[in-house]
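The next block holds one structure in the form of structure tokens; read it before the comments.
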Amino acid sequence: MNNEKTNNKKTNSKQQSKKKASSSAVIVVFITLIIAIASGNSEAAIAGDELENGISENLSPPMAAENEANLRHWNIPETKQEFWDLAELKNAYVNAAPAFLDDGISVGKLDDEGRNKTVILDLAREIANNEHAEVDSLLIAHNGKMVFESYYARGRINLSHPQSSATKAYTALLVGRAIKLGYLSLEDLDKPVVSLLKGVDRSKLAKGAETITLHDALTMSSGLEISKENVAEYRGNLDKYYGIAQVQAYFADTAPIVESAKTFSYQSFNPIIVMNVLSTVVPGSVESFAKNELFHKMNITNYDWRTREVGMLTAESGSSITSRNMLKIGTLIMNKGRWGNEQLIPKSYIKRMVGKHTASLTEEQVFSSGNKILKTAYGYFWWQTDIKVGEKVYSSNSAQGAGGNTILVIEELGVVVVVTGHATQSYLQIITEKVLPTFI
């Protein structure tokens with residue numbers, strides 16, 4: 001966790017040095033079939049149907065230009081480009097009645113069911129006026145329908161957004177899909193990782209490494225303790241340390257592991273181990289498995305997931321996905337692994353994945369904090385947070401990554417919230433204060 005926070009501060013500092021002073025924001029709000037524009041002064045209040053400064057039926061969500069199509073990751077070494085080369089939008093796009101695009105997402109209106117949309121539209125104005133740091137998109141679904149869609153800054157409807165550590169959450173979903181298809185079982189979650197891998201030399205393992213289970217790795221509780229020198233060695237010799245050789249090095253170089261050492265420690269070793277298990281058990285490459293058995297099943301085609309070798313997906317970070325597709329993933333969790341008429345992931349696995357396996361984490365161990373953010377726990381690469389809205393506490397599940405990238409699921413409210421951004425902090429407090437009250 002600390003490594004990701006540090007890296008995010010570095011990238012944000014770089015972003016700040018490049019960022020130009022933005023012009024006054026123009027907020028575009030769709031109301032039913034009419035597109036109403038609040039143009040001119042960025043401080044003009046948004047009042048839904050009361051917008052008066054212009055009507056157009058020809059506006060559409062912001063799309064990535066041809067020269068922006070490659071800007072899907074924080075850094076693109078092959079073209080010497082960065083995410084911050086993506087131009088900031090001159091106009092924010094805010095849609096309180098999202099368009100149906102036949103992409104697997106049902107839509108509704110923010111003011112359906114008598115909801116008061118004012119607070120959320122005010123939040124949109126604040127984001128457009130740069131009152132909340134570096135938000136790129138905010139999408140909301142309620143009771144299975146997307147009721148709000150907005151893009152700001154570097155957000156584009158058709159451009160996948162870097163996910164950072166939310167990638168770990170997608171890795172956990174692949175485990176569930178492998179279980180559904182019979183390549184793993186629920187019982188395998190409690191088996192030692194070395195029994196699920198091929199090619200590990202057990203004679204060269206550190207004491208206790210053979211006890212690390214798949215459950216331990218998924219909950220960041222493997223107990224691995226590897227020196228900075230060894231980590232530097234791995235990173236400096238990627239052609240040597242990849243695949244099973246990488247896992248072999250972890251298990252050989254770690255300090256001795258005892259059960260008392262198997263406590264929560266947020267580190268990249270664990271998702272890499274899990275991805276190697278997946279690579280071992282699924283037919284073909286795990287890259288093809290993710291594409292054909294999970295993402296394409298949900299009509300998710302606009303995404304990118306980096307590989308460290310042929311067919312081996314990165315697991316700790318490195319994925320990029322559109323905001324709408326993030327909303328689909330949140331809906332999959334809300335529906336307990338079901339997408340449409342197909343149970344893609346077993347309900348029993350979803351229950352374990354979002355269970356509170358490591359509870360009462362400290363502020364230093366989590367992404368988010370604030371007076372509305374209460375206890376935080378960790379499941380299988382998914383976060384569980386108790387959040388206070390009004391006088392009531394709700395349980396939430398979330399995928400989170402540096403930049404503020406979040407998929408938040410509150411089952412009791414039937415709400416899924418997606419945020420993409422490039423900030424140093426989480427947006428969970430803002431969501432709790434300014435989004436969720438609308439759905440109480």
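On a 0 to 90° scale, report how tilted helix 2-18 is relative to the longest principal axis of the chain, with both axes built from alpha carbons and the result rounded to the nearest 10.
The two axes meet at around 40 degrees.
Hey, can you rank 378-384, 247-253 by average C-beta count inside 10 Å, highest first?
The packing order, highest mean first, is 378-384, 247-253.
If contacts are Cα pairs under 8 angstrom and at least 6 residues apart, what is the relative contact order of segment 166-321 in percent?
It comes to 28 percent, rounded to a whole number.
Between I440 and N130, what FRET efficiency follows from the Cβ-Cβ distance if R0 is 35 Å, with the result rounded to 0.05?
0.80
State the label only: which of (i) 21.3, 63; (ii) 21.8, 75; (iii) 31.9, 102 corresponds to Rg and Dmax of the Cα atoms in Å computed from the shown model?
Computed from these coordinates, Rg and Dmax of the Cα atoms in Å corresponds to label (ii).
Cα gyration tensor of segment 166-321, axes a ≥ b ≥ c as square roots of the eigenvalues: rounded (a/c below 1.5), prolate (a/b > b/c) or oblate?
It is prolate, given that a/c is not under 1.5 and a/b is the larger ratio.
For segment 370-378, just list the computed ³J(HN,Hα) in residue order, Karplus coefficients 6.51, -1.76 and 1.60, θ = phi - 60°, integers in Hz, with x standing in for Gly and Pro.
x, 6, 9, 9, 9, 5, 10, 10, 9
About the Cα centre of segment 166-321, what is the dipole size in debye to 20, counting +1 per Lys and Arg Cβ and -1 per Asp and Glu Cβ, all else neutral?
240
Which whole-number percentage describes the relative contact order of the chain, with Cα contacts under 8 Å and a sequence gap of 6 or more?
RCO, the chain: 18 percent.
What number, in percent, do you get for the relative contact order of segment 183-227 if the mean sequence gap of Cα pairs under 8 Å and at least 6 apart is divided by its residue count?
After rounding, I find 41 percent.
Under unit Cβ charges (Lys, Arg +1; Asp, Glu -1), what dipole magnitude, rounded to 20 debye, does the chain have relative to its Cα centre?
In debye, rounded to 20, the chain gives about 780.
Can you tell me the 0 to 90 degree angle between the C-alpha axis of helix 166-180 and the longest principal axis of the chain, rounded to 10?
60
Mind checking the full-extension length gain between K228 and K351? Use 0.36 nm per residue of separation minus the Cα-Cα distance, one decimal, nm.
Length difference between fully extended and current span is 40.7 nm.
Expected output is a single nm value to one decimal: the length gained when fully extending between E78 and K90, i.e. 0.36 nm times separation in residues minus the C-alpha distance. What is it?
1.5 nm
For segment 281-295, take each phi angle, set θ = phi - 60°, evaluate the Karplus expression 6.51 cos²θ - 1.76 cosθ + 1.60, and give the result in whole Hz per residue in order, putting x for glycine and proline.
For segment 281-295, the Karplus curve yields 8, 7, x, x, 8, 5, 4, 5, 4, 4, 5, 8, 9, 10, 5 Hz.
Ordered by packing density, taken as the mean number of other Cβ atoms within 10 Å over each peptide's residues, highest first, how do 303-312, 211-220 rank?
211-220, 303-312
Evaluate the distance, in nm, between pseudo-label points positioned 7 Å from the Cα of E342 and of S195 along their respective Cα→Cβ axes.
About 3.1 nm separates the two model spin labels.
Hey, what number do you get for the chain at 222 nm if only DSSP H runs of n ≥ 4 count, each worth -39500 (n - 2.57), divided across all residues, to the nearest 500?
Value at 222 nm, helices only: -7500 deg cm²/dmol.
R0 = 60 Å: FRET efficiency of E66 with E259, Cβ-based, nearest 0.05?
It comes to 0.60.
Aspartates and glutamates near K117 by alpha-carbon distance under 12 Å, same-chain residues fewer than 8 away left out - which ones?
Within the straight-line limit of under 12 Å, K117 reaches these aspartates and glutamates: D49.
Stretch S360-E411 to full length: gain in nm at 0.36 nm per residue minus the Cα-Cα span?
16.3 nm
Kindly express, to the nearest 10 degrees and within the range 0 to 90, the angle between helix 244-253's C-alpha long axis and the longest C-alpha principal axis of the chain.
For helix 244-253, the angle is close to 70 degrees.
Share of antiparallel DSSP beta bridges in the chain, in percent to the nearest 5?
Antiparallel: roughly 90 percent of the beta bridges in the chain.
What FRET efficiency, computed as 1/(1 + (r/R0)^6) with R0 = 45 Å and r the Cβ-Cβ distance, is obtained for L59 and S203, rounded to the nearest 0.05?
After rounding, the FRET efficiency stands at 0.10.
Can you give me the long-range amide H partners of Q81? Hydrogens built in the peptide plane at 1.01 Å from N, cutoff under 5 Å, separation of 5 or more residues or another chain.
I76
Which far-off residues, 5 or more places away or on another chain, put their amide H under 5 Å from the one on G208, with H placed in the peptide plane?
The answer is I257.
Go through 337-346, 429-438, 261-270, 168-177 and give me the packing order, highest mean Cβ count within 10 Å leading.
168-177, 429-438, 261-270, 337-346
Every read-out reported here was derived from the displayed coordinates using simple, explicitly stated rules and does not represent laboratory data. This is a predicted model, so every value here is computed, not measured. Methodologically, a virtual Cβ is constructed for each residue, glycine included, from the backbone with ideal geometry; neighbour enumeration extends over all protein chains shown.
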